[in-house]
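Before any comments, here is the structure.
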Amino acid sequence: MNFDAYPTQDEIERALVLQEEYDRSEPQSVEEAGPVVDRIYADLAAARAAGRPVSDPISYVWDVASEEPVTRKDRGEVRAFWSYESQPEGAPRPVRHRFLAQACGETRGLQVLEETPAGSRLDTYHLWNEHVQTVLILEHGLDPKAVRELAPKVWDTLSERYAKAAEVPVVAFAADIGAGSVLGKTEMPRLLTHEKVGKDNIRFPLPLPRHEHLPPEIDELIADEAIRAQVRMEDFANSKSPKEFARSLGDIDVPEHLRKRHASAVQRLELADSYEALAAQPTEPQRAAVNEFLPGVDVRPVARPAAPRGPTPLGHGVLNPAAALTLPPPPAPEQQPAGVER
């Protein structure tokens with residue numbers, strides 16, 4: 001199987017199992033957070049006994065993020081990255097892309113940050129979790145600001161190291177990429193400037209969702225993997241003008257074979273004052289989009305975006321943000337606990 005193929009049904013089902021297992025492991029109260037914090041202190045004591053320069057949980061966590069391996073020795077060279085969640089074809093409910101990456105990592109030998117020595121250790125500490133933070137602050141007297149800033153900062157550091165270690169083409173499990181996500185602000189910029197990766201060696205197993213406010217030919221253009229890796233969902237938000245999208249789209253590095261289409265798209269965007277006006281512009285005939293994952297089907301499959309489940313921290317995120325930018329507001333979902341991810 002190709003490392004960048006669309007997830008199989010077995011991989012999707014395995015991802016849902018991994019997601020359920022992780023959710024059960026996450027502390028739901030201060031009482032459940034206690035053993036997690038105790039483990040952090042036990043690991044801190046072991047690190048100090050081994051001579052590592054750590055004096056408290058915060059310095060210890062930074063030491064893990066900065067020094068422990070970000071490569072799993074029993075996996076291959078291809079690294080998987082991820083952001084947010086969606087409901088791919090074959091999934092009965094939304095699945096976070098982290099767990100799709102892990103499920104495909106098991107079957108395809110992919111590296112996944114949360115399964116490397118450093119990532120796995122930090123992942124078990126649930127540093128995003130408010131109950132873990134409460135125990136560290138109230139029961140152990142750590143500085144509240146330092147505790148609350150710890151998770152995003154150490155995961156940024158770890159993600160930067162993980163991306164820097166890439167050796168071959170990489171695979172990104174994502175729908176749209178948010179500018180504030182770890183993938184959008186840390187990992188993808190590092191990969192795009194990486195001498196062994198670059199825009200031509202980033203693959204996306206999941207198709208880009210259809211953005212109904214964009215003309216089909218422009219939507220098809222940004223679905224090209226080399227362009228998709230450089231565009232952020234905020235660039236084409238329909239709350240902004242097409243002219244703003246033209247400026248950001250005009251600044252990206254475009255493959256030679258797409259330059260005429262890219263120039264045409266930028267020109268169309270520059271001439272429109274709104275996306276309604278853009279839709280009314282005449283267009284050149286376009287070939288039907290070919291589904292690269294399902295031969296013979298002439299419509300690009302859309303990973304159905306999940307309804308937002310409440311506020312989440314800036315990080316990889318837990319929902320597909322395209323819904324908020326390109327689709328009408330969904331019906332109010334049943335109340336669910338807000339997931340907390342890096």
Residue pairs meeting the criteria (Cβ under 9 Å; at least 6 apart or on separate chains; first farther than 19 Å from Arg121 by Cβ, in the range 132-160; second of a type in the set (Gly, Ala, Ser)) = Thr134/Ala33; Glu139/Gly34
Ser59 is checked against (1) touching a Phe, Trp or Tyr at 6+ places or on another chain (Cβ under 9 Å); (2) assigned to a helix (DSSP H, G or I); (3) of a type in the set (Ser, Thr, Tyr) and fails just one. What number does that condition carry?
-> (1)
Using beta carbons and a limit of 9 Å, which pairs, at least six apart or on different chains, have the first residue in the range 49-65 and farther than 12 Å from Ala118 by Cα and free of Cβ contacts under 8 Å to residues at least 60 places away in the same chain and the second one of a type in the set (Phe, Trp, Tyr) and surrounded by 17 or more Cβ atoms within 10 Å (Cβ to Cβ)?
-> Arg52/Tyr60; Val54/Tyr60
Helices (runs of 4 or more DSSP H) (entirely within the range 185-250) containing at least 2 residues that are outside the structural domain of Glu85 (by TED's automatic domain parsing), touching a Leu at 6+ places or on another chain (Cβ under 9 Å) and within 15 Å of Ala172 (Cβ to Cβ) | 225-228
For Ser120, state whether it is under 20 Å from the mean Cα position of the chain (by Cα) and in a helix (DSSP H, G or I).
-> yes
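To keep it simple, each residue is scored yes or no on (1) farther than 30 Å from Ala42 by Cβ; (2) surrounded by 24 or more Cβ atoms within 10 Å (Cβ to Cβ); (3) in contact with a strand residue (DSSP E or B) (Cβ under 8 Å, 6 or more places away or on another chain).
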| position | (1), (2), (3) |
| --- | --- |
| Pro57 | no, no, no |
| Arg72 | no, no, yes |
| Phe81 | yes, yes, yes |
| Gln87 | yes, no, yes |
| Cys104 | yes, yes, yes |
| Pro117 | no, no, no |
Unique match (being in contact with a strand residue (DSSP E or B) (Cβ under 8 Å, 6 or more places away or on another chain) and either surrounded by fewer than 19 Cβ atoms within 10 Å (Cβ to Cβ) or modelled with pLDDT of 95 or more (or both)) among Pro189, Pro205 = Pro205
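The values are calculated or read from the model by the stated rules, or taken from the named source; none is laboratory data. Note that the structure is a prediction, hence the values are computed from the model and not measured. Here the Cβ is made from the backbone with ideal geometry for all residues, glycine too, and neighbour counts use every protein chain on show.
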